[in-house]
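Data first, discussion second: the structure below is written as structure tokens.
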Amino acid sequence: MTTRPPILLLACLAFTAIALPATPDKTVIAHRGASGYLPEHTLEAYAMAYGQGADFIEPDLMLTSDGVPIALHDRTLDATTDVAERFPGRARDDGKHYAIDFTLEEIEQLAVKERIDPETGEHVFPARWPNTHEAIRFRIATLAETLELVRGLNHATGRDVGVYPEIKSSSWHREQGVDFERAVLEILADYGYTGADDNVIVQAFEPESLLRLRELGTELTLVQLIGGGRNYDRMMTGEGLDRVAAYADGIGPSMTRIFESDGTPVKDNFLVREAQARGLIVHPYTMRADRLPGYADSYDDLLEHILFQAGADGVFTDHPDLTVRFLKSRQ
Ligand code: G3P
Ligand code: CA
């Protein structure tokens with residue numbers, strides 16, 4: 001039996017704190033929902049983020065064995081669910097349980113918990129949701145449920161909060177014989193998201209994933225993620241950004257691409273400046289109040305660096321409430 005926590009109650013409680021989006025020209029993207037407070041990628045975390053005034057809700061996407069896009073960051077279920085206890089004997093040879101080996105019906109039986117390090121069993125973020133509240137059972141959301149939640153809340157509030165799905169591990173899914181991009185576009189279309197003016201942004205690390213979306217004819221807004229690793233150095237040049245601008249509408253760089261660890265702008269803030277010069281929006285990730293880079297004295301200081309010194313257009317954040325509060329203070 002699936003026991004659901006009171007999602008709408010959480011949302012209502014959160015609404016007591018919100019008014020309207022903080023500022024029209026900086027975008028607050030709730031990274032995995034309000035994941036600084038509730039287990040990531042649950043409808044509860046999404047509802048809380050909505051209530052905190054986020055402009056977009058971010059679901060990372062993986063596929064089930066029966067082809068359903070679900071909100072999940074990892075290919076495996078071990079760090080954020082009770083899969084090992086609930087489905088013993090279903091791990092692959094590496095000892096891990098892969099989402100794509102489970103049907104949606106099975107996935108729905110899992111209890112989601114705050115992220116732990118599977119090696120040590122320790123919380124990755126110790127100050128966040130404690131996994132001791134066993135009477136409350138969170139579960140994995142589907143993309144469709146996420147869209148349904150946002151649509152319902154938009155209707156109920158009169159706001160127009162968007163959804164910012166990320167297609168994870170596109171080439172890996174292709175190797176498993178599935179067309180992930182087509183599956184995502186079909187569900188987005190079911191909810192009316194088809195055009196450039198619709199309030200959805202699709203993101204991916206793999207350029208091939210975004211190119212596949214364009215090949216399928218989508219006009220949705222697309223964002224190319226730029227990781228911190230060497231693979232993405234080629235995008236840190238004028239020619240690289242020209243190539244990105246040919247198929248995408250924005251970039252989502254790691255914040256390590258904006259400031260060095262001592263707070264010095266990377267390449268004289270080349271990435272933000274040159275991306276915006278090409279008409280690309282810039283949404284760096286991931287702002288966390290409980291994991292600050294060395295150069296930031298506080299969360300507000302981090303936001304000041306990224307949004308105003310570097311001039312990014314928005315941020316992915318685990319703490320939408322603190323980001324909204326900061327932006328209001330800057331108005
Ligand atoms: O999608 C932006 C940011 O979320 C990328 O990092 O690993 O948290 O999906 P990740
Ligand atoms: Ca993501």
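No value in this document is a laboratory result; all are computed from the given coordinates. Not measured: the values here are computed from a predicted model. Cβ coordinates were reconstructed from backbone atoms using ideal geometry, including for glycine residues, and neighbour counts include every protein chain displayed.
Modelled spin-label separation between F308 and A84, with each label point placed 7 Å from Cα along the Cα-to-Cβ direction: 4.6 nm. For a paramagnetic label modelled at 7 Å from the Cα of Y247 toward its Cβ, which residues of region 156-171 fall within the zone defined by backbone nitrogen distances under 12 Å? In region 156-171, the label zone of Y247 (backbone N under 12 Å from the point 7 Å along Cα→Cβ) covers 171. For region 35-159, the relative contact order works out to 30 percent when only alpha carbon pairs closer than 8 Å and six or more residues apart are counted. A crude spin-label estimate for the pair Y295 and A189, with each label 7 Å from Cα along the Cβ direction, gives 4.4 nm. Taking all Cα pairs closer than 8 Å and separated by 6 or more residues, the relative contact order of the chain comes to 19 percent. Counting only residues at least eight positions apart within a chain, or on another chain, the aspartates and glutamates with an alpha carbon under 15 Å from that of K328 are D25, D55, D300, D301, E304. Cross-link partners of K267 among lysines, defined as those whose alpha carbon lies under 27 angstrom from its own and excluding same-chain residues fewer than eight positions apart: K26.
Taken about its Cα centre, region 157-223 carries a charge dipole of roughly 120 debye when the Cβ of each Lys and Arg holds +1 and the Cβ of each Asp and Glu holds -1.
A simple packing score, the average count of other Cβ atoms within 10 Å per residue, orders the peptides 70-76, 147-153, 294-300 as 70-76, 147-153, 294-300, with the highest score first. Think of region 201-331 as having a plus end and a minus end, set by charges on the Cβ of Lys, Arg, Asp and Glu; of L241, H319, L307, L241 sits farthest toward the positive end of this dipole.
Spin-label pair Q176-H155: with each label point 7 Å from Cα along the Cα-Cβ axis, the two points sit 3.2 nm from one another.
With q set to 0.16, 0.18, 0.25, 0.31 Å⁻¹, the log10 of I(q)/I(0) for region 266-312, from the Debye formula over equal scatterers at the Cα positions, is -0.46, -0.56, -0.93, -1.17. Sum up the charges of everything whose Cβ sits under 12 Å from the Cβ of A245, counting Lys and Arg as +1 and Asp and Glu as -1, but leave A245 out. Local charge sum for A245: -2. For region 135-253, the Cβ-based charge dipole about the Cα centre amounts to some 440 debye (Lys, Arg positive; Asp, Glu negative; other atoms uncharged).
Length available on full extension from I116 to Q276: 0.36 nm per residue minus the Cα-Cα distance, which gives 53.9 nm. Around the Cα centre of the chain, unit charges on the Cβ atoms of Lys, Arg, Asp and Glu (plus for the first two, minus for the last two) sum to a dipole of about 400 debye.
Ordering G227, T157, H97 by the projection of their Cα atoms onto the charge dipole of the chain, which places +1 on the Cβ of Lys and Arg and -1 on the Cβ of Asp and Glu, puts T157 at the extreme positive end. Judged by the mean number of other Cβ atoms found within 10 Å, the most tightly packed of the peptides 177-189, 277-289, 257-269 leads the ranking 277-289, 177-189, 257-269. Cross-link partners for K113 among the aspartates and glutamates, with Cα-Cα distance under 14 Å and sequence neighbours closer than 8 places in the same chain left out: E40, E44, D74, D78, D82, E85, E122, E134.
How big is the Kirkwood radius of region 114-220, worked out from every pair of different alpha carbons and given in Å to one decimal?
Working: mean 1/r = 0.0612 Å⁻¹.
Kirkwood hydrodynamic radius for region 114-220: 16.4 Å.
In terms of overall dimensions, the C-alpha atoms belonging to region 166-266 reach 46, 33, 23 Å along their principal axes, ordered largest to smallest.
When the P(r) is computed for the chain, the part past 34 Å accounts for 20% of the Cα-Cα pairs. Working value for region 243-285: equivalent-ellipsoid semi-axes of 20, 10, 7 Å, each the square root of 5 times a Cα gyration tensor eigenvalue, largest first.
Classify region 126-165 as rounded, prolate or oblate from the Cα gyration tensor: take a ≥ b ≥ c as the square roots of its eigenvalues, call it rounded if a/c is under 1.5, otherwise prolate when a/b beats b/c and oblate if not. It comes out prolate by the Cα gyration axes.
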